[in-house]
Amino acid sequence: MRYWGAALALAVLAACDAAPPPREAVPKLAVDTGWPTIPAGAKFGEVSAVDVDAEGNVWVLHRAGRVWEEPFPKEPIAEPTVFKFSPDGKLIAQWGAGLFIMPHGISIDPQGKVWITDPGLEQVFRFSPEGKLELTLGEKGVSRQDASHFGRPADVAFLSDRVLIADGYVNTRVAEFDYAGKFIKDWGDFKVAHAVAVDDRQIYVADRENARIQVFDHDGRLLETRASPSGNHTYSLKPLGSGRLLAVEGRDGADRKGAIIRVYGADGVIENSYDISLPGENASLGHDLANGPDGHTYVTDVPGGRVVRFSLPTKAETN
């Protein structure tokens, strides 16, 4: 009995010391390292979110030198945190100074309004394209799960006359509002609802810490669960049309940072996967993505302090 007990103890210790599994081997995808142009006087930082408006302009939300550390600071970031780039990468507008504690998500609605989530403030904001505040949802600094509060809201998407908010790091739901800010309902059960996206068929939620994508109909009824390969954590997703979906995974099952791009077919099967991370262990964390009308895709990289642009290979190029 002593022998078997000692052997068992050694086996447990060996398992604890075992090296993590190797990283998933997927093809590297080239990115446009010259995009965008950041003026020398602009203070850039952790790049949290990106979206593209109807004219193809690219909106980038960053933290201007602040890093995600808890407890969050009390004072707002003094420098502009919202950058608007032309499709060719020229900075054409910037605003957001003195407004946010920990800016997280940016989404442009069909009318061109700019929605921003701030988990540090526990609020969601709607601005005009020029940066004029038009609507505030949530009570500053108060975390609850009800019709007038959030628990670290993360992302916003739009479906007909509804605004869908992924809520979030503390709460476990998608909360729906109308465009005037009136609460409609909430649904879902997630472990960090980090991103939400819609197409003409379905609603997609990045259930990040459950390492899966959840697919719902437009009424919030669960249709399908897509477990990420190797337990990878999906941070953001956007429809590609015809039921296809693009996703970025920022951490793998061994909790190593990275930036893996997945292309899902309409049947939920992964068509292709690509690596767009910087070289070096934990040098990148793919956090958000957006698709432009010109075929470019944009991904934010938090520790890399960058937003990158690339084009997905065509089917002919992948065959």
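Readers should treat all values here as calculations from the given coordinates under stated rules, not as data from a laboratory. The shown structure was predicted, so the numbers you read here are calculated from the model rather than taken from an experiment. Glycine gets a Cβ as well: all are built from the backbone with ideal geometry, and neighbour counts include every protein chain shown.
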So, relative contact order of region 10-124 in percent, Cα under 8 Å, 6 or more apart, is 21 percent
Once the in-chain neighbours fewer than 8 apart are removed, the lysines whose Cα is under 18 Å from Lys74 read Lys140
So the FRET efficiency between Ile184 and Thr314, C-beta based with R0 = 30 Å and rounded to 0.05, is 0.15
Relative contact order of region 28-318 (C-alpha contacts under 8 Å, at least 6 apart) in percent is 13 percent
Note: Ala266 to Glu75 extended length (0.36 nm per residue) minus current alpha-carbon separation gives 64.3 nm
Taking 159-169, 179-189, 142-152 and ranking on average Cβ neighbours within 10 Å, highest first, one gets 159-169, 142-152, 179-189
Note to self: Kirkwood Rh of region 28-318, Cα pairs, one decimal, Å, is 18.7 Å
Rounded to the nearest 500, the 222 nm mean residue ellipticity computed for the chain from DSSP H runs (n ≥ 4, each -39500 (n - 2.57)) alone is -2000 deg cm²/dmol
Quick calc, Leu222 & Asp161: beta-carbon distance into FRET formula, R0 22 Å, rounding 0.05, result 0.45
